[in-house]
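The structure appears right after this line, and notes come after that.
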């Protein structure tokens, strides 16, 4: 057995205990985790300081350093997130359906944990705790594999969380960290079929695509977002400008931010007159098709084919004109990532068609794509936003971290 | 573009039309399919006769020839199955949840089709029609890849179904058959990520495991069944014998048949006295552990380690003794395939623990494992029985062939 196989077997065994631990015990563990992270934050911050020093030495960019950094405020936020997970309703055990068949069999479909959830992520130590807390609340063991840049922080957090689990009598292997951060360990985790029920990659599009391609364990793809705002010919243009500005500029690095404005040609110029003063506030770089460049002159660059599929994550916006709703829908279905897509229009029939024919996790009529989020949707916390259609689509809350079983009760029935 | 990529792109385009076709149009198509298969069954039977002749020449076993063969009665049954799919409620469009958020956003979670479903299966021409009908009813396009032994039958059935689709004005690419039956075509289909939303392998355990290992598109594993009947120390032994006999012998080739009896040692001998007269009716071969061989002498063979993981699909039964409920649960969790597991007991607490701690799609208390079936569970038809935990678990009916989207309606909300 390799080290990771041993870890997988231990996680599987722990998952069986966790599946029947009950809400109260799981909440007790979550409180113990929040409390130990606060009480012993000096250890965690010291480990993080070592990670930061090494990262600075290796020349990490400032924005990445910021993601890696822990502060007492961030620790307090992270601990608060763990307590929020404790406060959420426990999905496990819920009877989703119940029928009595003509032969007298009582059949209940009941929510159960998925089992062992593996998470591969990059240099954000908060994910180590956020993900572990949500997995735990839904009764799952987790195997965490963070980036090498955060390994000291992650080791410390995992050790503290395991201590907290043990302190309330739960198996510490319900949370474990892959100690090795080389490529081989990620590769092996992607093929740990005997022990891993689902693998969730969290991070950039490159990581997620590579994992989906390589893994033989079931994967949930999350967080690839090439989102569009379509301004229809019957749009309220002031509203459209406000929505586009929000979708693009309120937080351009996140996956529900817009990357491309699709404009009906009959309103393109008038709309740009409304939108430019807003976009100019953030010096948004525009990359337009021929018609847009015609209207905007040097204010826009000419878009290349790659621009229509780009997830900029920055103050850059592709702008495309179309001659019909049909063309808008086709363009979005061809170039979107199935994340969040918006139409701005006063025409109910156009909206109805867009909402029904655009193939994405979330479709919006007259509202910003930025709302695609577990908290905004009222699901509580989320572990990611799924862009695939199998098992989970859109923000993944606790329910999406469960499966079900059929529990059948009889008195001797045979077939 | 390869031939299969073109087929994938055509299926994806057809899936968009099908997703918005509406219940009435889909039912019209199903009726047209049932009707054309009956009306022109001579063509289908002739193609099947050629398949059978070739298979006989190649020395195919009788039981396999029987699976491959079509008859007018079987055609009538298959057409009847298509009409049953038409009669089932349409899951697409159902609003599963609806909330109005404090900011006024109306958020609906609505069922939508999965998109394009690929199915890889073996030499059973009925699957070609059964699977296509269920995919169609749930609004999905399908790409069918049957075995080479049934290729003439499958080509004919696919051509007739495509004609039926066109006759009601739906795109014929909503149903398509992979024309090439070599390994490369299956391999390519498993990696057709741009077009295939989910791949469902149907067939023997070898096929399913190979597909799950190889595919980069999302896969649902179905139909691997190493099922157990556990006879507890407090079991009604006559009931237990009747259940075991039914679970083993009513149809040993199917995935919900039992492969192993797990006996509490305190009742093993008394139980065997009840069960043997039944098992003897079918000359069931017994493979026991040392204690069982001790009790039964030459009536049982000694089980090897492989027997505890074997899916015999035949009149063969492994028999294992345990000294406690805990040992029974561990043994079943270690050796089962997560399909269907049964406890026979009068002890409610033992049943409660078994039902909650055994990790399987269906868990039974005092009833035969043979009930794990879409029809028996009241789901209508099924496309398979999932043994994984992601997306679908247990019998997969129409609902399991859908995903959802979030449809969000606002009046200018920004975040």
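Quick note: the coordinates plus some simple rules give every number you see, no bench work behind them. From a predicted model like this one, the values you see are computed outputs, not experimental measurements. Cβ sites come from the backbone with ideal geometry, for glycine too, and all protein chains shown count toward neighbours.
Along Cα→Cβ at 7 Å, what distances in nm separate the residue A:327 label point from those on the other copies, shortest first?
Residue A:327 label point versus its equivalents elsewhere: 7.5 nm.
Hey, got the average number of other protein chain Cβ atoms within 10 angstrom for residues in A:110-117? Could the numbers behind the result be given before it?
On the way: counts 3, 0, 4, 2, 4, 3, 0, 0.
So the per-residue partner count for this stretch is 2.
For the pair residue B:209 and residue A:283, how long in nm is the line joining their label points, each one 7 Å along Cα→Cβ?
It is 6.0 nm.
Which of the peptides A:260-273, B:174-187 is most tightly packed, and how do the rest follow, going by the mean number of other Cβ atoms within 10 Å of each residue?
Peptide ranking by packing, descending: A:260-273, B:174-187.
Kindly rank B:16-23, A:303-310, B:360-367, A:347-354 from highest to lowest mean number of other beta carbons found within 10 Å of each residue.
Values: B:16-23: 18.9, A:303-310: 14.5, B:360-367: 25.9, A:347-354: 16.4.
The peptides rank, most packed first, as B:360-367, B:16-23, A:347-354, A:303-310.
Suppose you put the label 7 Å out from Cα in the Cβ direction; list, shortest first and in nm with one decimal, how far residue A:251 is from each other copy's label.
Counterpart label points of residue A:251 in the remaining copies fall at 5.2 nm.
At a Förster radius of 51 Å, what calculated FRET efficiency corresponds to the Cβ-Cβ distance of residue A:306 and residue B:71, to the nearest 0.05?
After rounding, the FRET efficiency stands at 0.35.
Which peptide among A:199-205, A:282-288 comes first, and what is the full order, when sorted by highest mean count of other Cβ atoms within 10 Å? Don't skip to the end; give the middle numbers.
Details: A:199-205: 21.1, A:282-288: 17.6.
Averaged packing, sorted descending, gives the order A:199-205, A:282-288.
Please report, for residue B:415, the nm distances (one decimal) from its label point, 7 Å out from Cα along the beta-carbon direction, to the equivalent points in the remaining copies, shortest first.
4.5
What angle do you read, to the nearest 10 degrees and between 0 and 90, between the alpha-carbon axis of helix B:125-137 and the longest principal axis of chain B?
That works out to roughly 60 degrees.
Normalised by the empirical 2.2 N^0.38 Å for globular proteins, what value does the Cα Rg of the protein assembly as shown take?
Numbers: Rg = 28.4 Å, N = 830, 2.2 N^0.38 = 28.3 Å.
Dividing the Cα radius of gyration by 2.2 N^0.38 Å gives 1.00.
Using alpha carbons only, how many degrees (0 to 90, rounded to 10) separate the axis of helix A:151-167 from the longest principal axis of chain A?
For helix A:151-167, the angle is close to 50 degrees.
For chain A, take the longest principal axis of its alpha carbons; what is the angle in degrees between that and the long axis of helix A:205-214, to the nearest 10 within 0 to 90?
50 degrees
When you look at the Cβ of every residue in B:365-374, what mean number of other chain Cβ atoms sits within 10 Å?
On the way: counts 6, 7, 13, 7, 2, 3, 10, 3, 1, 0.
The per-residue average across the peptide is 5.
Could you work out how much longer the chain between residue B:298 and residue B:9 gets when fully extended? Use 0.36 nm per residue separation minus the Cα distance between them, nm to one decimal. Let's see the in-between values first.
On the way: separation 289, 0.36 × 289 = 104.04 nm, distance 6.07 nm.
The span from residue B:298 to residue B:9 would gain 98.0 nm if fully extended.
Given the -39500 (n - 2.57) contribution per DSSP H run of 4+ residues, what per-residue ellipticity at 222 nm results for chain B, rounded to the nearest 500 deg cm²/dmol? Could the numbers behind the result be given before it?
Details: 14 runs with 176 residues, N = 415.
After summing the helix terms and dividing by residue count, I get -13500 deg cm²/dmol.
Suppose we consider the axis relating copy A to copy B; can you name the residue of A with the nearest Cβ and state that distance in angstrom as an integer?
It is A:391, 2, counting Cβ atoms only.
Efficiency by 1/(1 + (r/R0)^6): what FRET value for residue B:265 and residue A:415, r their Cβ-Cβ distance, R0 = 30 Å, to the nearest 0.05?
Efficiency for this residue pair is about 0.55.
Counting partner chain Cβ atoms within 10 Å of every residue's Cβ in A:378-386, what's the average?
On the way: counts 7, 3, 0, 0, 0, 0, 0, 0, 1.
Partner Cβ neighbours, averaged per residue: 1.
Taking 0.36 nm per residue of separation and subtracting the Cα-Cα distance, what length does fully extending residue B:46 through residue B:187 add?
Numbers: separation 141, 0.36 × 141 = 50.76 nm, distance 3.00 nm.
Working it through step by step, the gained length comes to 47.8 nm.
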